[in-house]
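The values are calculated or read from the model by the stated rules, or taken from the named source; none is laboratory data. In this text, all values refer to a predicted model and were calculated from it rather than measured experimentally. Counting neighbours? That spans all protein chains shown, and the Cβs are built from the backbone with ideal geometry, glycine included.
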Amino acid sequence: MANENSKGTQKYEQPCVSVHNAVQMRGVTKTFGSVIANDKVDLDIRRGEILSLLGENGSGKTTLMNMLSGIYYPDEGEVYVDGEAVTIRSPKDAIDLGIGMVHQHFKLVDVLTATENIILGLKEPGRLDLKKAAAKITEICEKYGFAVDPNKKIYDMSVSEKQTVEIVKVLYRGANILVLDEPTAVLTPQETEKLFDVIRNMKEDGKSIIIITHKLHEVMAISDRVAVLRKGEHVADVDTADTDPQKLTDMMVGHAVRLNINRPEPKDPVKRMEIRSLSVNNVYGLKALDDVNFDVYGGEILGIAGISGCGQKELLEAIAGLQQTEAGSSVRYYPEEGGEGKELIGMNPLDIKNAGIGFSFVPEDRLGMGLVGSGDMVDNMMLRSYRDGHSIFTDHKKPKKLAEKIKEQLEVVTPSIHTPVRSLSGGNVQKVLVGREIAAHPKVLMTAYAVRGLDINTSYTIYNLLTEQKMKGVAVIYVGEDLDVLLELCDRILVLCGGKVSGIVDARTTTKEEVGMLMTNLPETDRKEEDAQ
């Protein structure tokens, strides 16, 4: 049943103590300058439950959990743990109260082992006993169903193993209340299921788990209850069994939203690019891409699937002229009028632009590569147009008009188009970048995690924009994390595993399980055994 918050009271009575509540937040408010991130939020977290925290970008989900985990301190309100009012001024205060948060971006030291990372910073009496610590870690893993080698170096681990280390780290420190921020963002379907099994085991042990996520099908699959934030306020609290994805979306946005990705058949697709024998070494001299071959067609969306770090980043950057390739690599671009095609290897992005080739690229690194953080929206629109024209004076009118259009169309939450983009939330930064690149009217549009960090309403807006580009004959390359979206949005899916192409499949006829297997490149016998389990 939905609960509406009461407003206006400054003093908070101690809540009724319930054996079911691990945490109670009452009237919690947090502001950043003139922006109200959380506005008198009341939230209960029960013992032995899995709570999903939902909301659009800028709704205050992460800010609220950052206050619970000691990263921020509330301007107003009270927090109660086990019915007692507490003050949480640091992550140490939080962990002393049994509260631990696992962030989307891991905080691990690559050159240390799992054990060394887990005990890093702990003050324990006597000499440091790594063997004893490793034994305790193994005990935790066996209890909840984790799979991690205590002696393995972080740089040798997969993404899911690193995430496991982060979760074990907070459990090792005694956490009974765990906050997981976008825990499945970079996991395969198989890894996601294993994580969900572990989360259910922790719940059975009486742990309270809060999951911040945008994936509604996962909310329905794993959570017991859902709390919805909208514009900093707690607007709804429902049992998962009593709701569905459409109702949850309507609560988040405040009005009815269509959850439907339109995927028309490709119309007269034409070969736009031909990639042959593409190989790239990473900064360590290891193969990031190894003999990659595929074609890209105008009028279709080609999805790129793969576990994080399997070469997706290097693939797009090599095509865009941002990565040095190995001898024998070829990226050939075919103009609309046909012909021999133009070899792009050896050209930098400016060379490609000067050659009249319409490329747009939404990189994974939003502020490091895509936008200038100190610039405002207008400045960042100008990055694409300042070389155009013959006047010695820079034209501000068109970039300003474009900035206003993107702000309105993508609902960018910003005090002004003249506010530095680095002060915006990650999701709003992404809206600015995606909007600018699409507005350039490209022939080839490459996107790396275009909806990462975006709420579901904006994500569907982006999906529809990409489909519109496809129908205009643009060749769209979409690197994504969510396999459900890849299967609904794309026409074909290229799967990378360890820098190699493990398969190219028809997105309309393949299955999530088949793509997941290709992502891990399991031999056929192993696939049959896994399917049988």
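Residues that are touching a Pro at 6+ places or on another chain (Cβ under 8 Å): find the strands (runs of 3 or more DSSP E) completely inside the range 198-277 holding 1 or more of those. Spell out how you get there, then give the answer.
Working: elements: 208-212, 225-230, 233-239.
The qualifying strands (runs of 3 or more DSSP E) are 208-212.
Cβ-Cβ distances below 9 Å connect no pair with a first residue in the range 42-56 that is crowded, with 23+ Cβ neighbours inside 10 Å, a second residue that is at pLDDT 95 or above and aromatic (Phe, Trp, Tyr), and a separation of six or more residues or different chains. Evaluated against (1) outside any helix (DSSP H, G or I); (2) among the hydrophobic types (A, V, I, L, M, F, W, C); (3) buried (at least 17 other Cβ atoms within 10 Å of the Cβ), Ala147 falls short on exactly one condition, (3).
Quick check: anything in the range 312-329 under 28 Å from Thr510 (Cβ atoms) and either in a strand (DSSP E or B) or of a type in the set (Asp, Glu) (or both)? Yes - at least one qualifying residue is present in the range 312-329. Only one entry of Ala288, Ala236, Ala305, Ala327 meets the criterion of being of a type in the set (A, V, I, L, M, F, W, C) and touching an Asp or Glu at 6+ places or on another chain (Cβ under 8 Å), and that entry is Ala288.
If you go through the range 222-251 and pick out every residue that is surrounded by 15 or more Cβ atoms within 10 Å (Cβ to Cβ) and touching a helix residue (DSSP H, G or I) at 6+ places or on another chain (Cβ under 7 Å), you end up with 13. The residue that is nearest to Val505 (Cα to Cα), among those in the range 281-293 that are surrounded by 15 or more Cβ atoms within 10 Å (Cβ to Cβ) and touching a residue at least 40 places away in the same chain (Cβ under 8 Å), is Val292. Screening Glu193 with (1) surrounded by fewer than 21 Cβ atoms within 10 Å (Cβ to Cβ); (2) modelled with pLDDT of 90 or more; (3) under 24 Å from Leu486 (Cβ atoms) gives one miss only, at (2). Residues that are of a type outside the set (Asp, Glu), part of a helix (DSSP H, G or I) and within 25 Å of Val515 (Cα to Cα) do not occur anywhere in the range 119-127.
May I ask you to verify whether Thr243 is of a type in the set (S, T, N, Q) and at pLDDT 90 or above? If you could, list the steps in order and put the result at the bottom.
Working: of a type in the set (S, T, N, Q): yes; at pLDDT 90 or above: yes.
Considered against the rule, which asks whether it is of a type in the set (S, T, N, Q) and at pLDDT 90 or above, Thr243 comes out as yes.
In the set (1) farther than 29 Å from Asn282 by Cα; (2) touching a residue at least 24 places away in the same chain (Cβ under 8 Å), Lys472 fails one condition alone, (2). Within the range 336-368, being closer than 21 Å to Lys443 by Cβ and not in a loop (DSSP other than H, G, I, E, B) holds for Lys342, Glu343, Pro349, Leu350, Asp351, Ile352, Lys353, Asn354, Phe359, Ser360, Phe361, Val362.
So, in the range 443-465, of the ones that are on the phi < 0 side of the Ramachandran plot and aromatic (Phe, Trp, Tyr), which residue ends up surrounded by the most Cβ atoms within 10 Å (Cβ to Cβ)? Quick ask: steps written out before the conclusion?
Pass one, the range 443-465, residues on the phi < 0 side of the Ramachandran plot: 443-448, 450-452, 454-465.
Within this subset, residues satisfying the condition of being aromatic (Phe, Trp, Tyr) are 460, 463.
On the way: Tyr460: 20, Tyr463: 22.
Among those that are on the phi < 0 side of the Ramachandran plot and aromatic (Phe, Trp, Tyr), it is Tyr463.
The requirement of being surrounded by fewer than 22 Cβ atoms within 10 Å (Cβ to Cβ), closer than 26 Å to Pro335 by Cβ, under 20 Å from the mean Cα position of the chain (by Cα) and in contact (Cβ under 8 Å) with a residue 12 or more places away in the chain is fulfilled nowhere in the range 478-492; no residue meets it.
Could you say whether any residue in the range 279-298 is hydroxyl-bearing (Ser, Thr, Tyr) and under 23 Å from the mean Cα position of the chain (by Cα)?
Quick first cut of the range 279-298, residues hydroxyl-bearing (Ser, Thr, Tyr) only: 279, 284, 297.
Okay, now just the ones that are also under 23 Å from the mean Cα position of the chain (by Cα), so none.
Taking every residue of the range 279-298 in turn, none turns out to be hydroxyl-bearing (Ser, Thr, Tyr) and under 23 Å from the mean Cα position of the chain (by Cα).
Of Val296, Val331, all but one fail to be touching a strand residue (DSSP E or B) at 6+ places or on another chain (Cβ under 7 Å) and either touching a residue at least 60 places away in the same chain (Cβ under 8 Å) or closer than 29 Å to Pro189 by Cβ (or both); the exception is Val296.
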